[in-house]
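Rule-based calculations on the coordinates, nothing more; no lab input. Bear in mind the structure is a predicted one, so any value in this text is a computation, not a measurement. Every residue, glycine among them, receives a Cβ derived from its backbone with ideal geometry; neighbour counts consider all protein chains shown.
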Amino acid sequence: MRNPDLELMSEESMKVYYLIKDFIRRHKLYTGGCKTFYTPTEWMYRKEEFHNSALLVLVYDGSEVRELVSGGRLSEKFIKYLDKHGYYPEEGHHWNCGIYKKP
């Protein structure tokens, strides 16, 4: 499915998107048919409490993508993977996570 908001993302946000998409693909995680990636613009329109300055937001309510955070079976590996590329995850609610550039 085409997401026109991806075309509005910064180059760095796109980089994060493709890094995480590749990680999810390589680990064969099932998204449950839910929308997994929210661009900064999409997230802003939701008026959520957390992640308003994130490069990208992951939503994983009801999907295996949850394994990447909250002590899931892939969380340590995911954190190291992001760290290697200069990013880190920060969990918001029990169903979302923002991705940020390391200071």
Those residues of segment 86-103 that are surrounded by 15 or more Cβ atoms within 10 Å (Cβ to Cβ) and over 13 Å from the mean Cα position of the chain (by Cα) come to a total of 0
Determine which member of the set Tyr30, Tyr45 is surrounded by fewer than 17 Cβ atoms within 10 Å (Cβ to Cβ), part of a helix (DSSP H, G or I) and either in contact with a Gly (Cβ under 7 Å, 6 or more places away or on another chain) or among the hydroxyl-bearing types (Ser, Thr, Tyr) (or both). Tyr45
Qualifying positions in segment 52-103 - more than 21 Å from Met9 (Cβ to Cβ), among the hydroxyl-bearing types (Ser, Thr, Tyr) and free of Cβ contacts under 8 Å to residues at least 24 places away in the same chain: Ser75
Test set (1) in contact with a strand residue (DSSP E or B) (Cβ under 7 Å, 6 or more places away or on another chain); (2) surrounded by 12 or more Cβ atoms within 10 Å (Cβ to Cβ); (3) on the phi < 0 side of the Ramachandran plot; (4) not hydrophobic (A, V, I, L, M, F, W, C) - His51 fails condition number: (3)
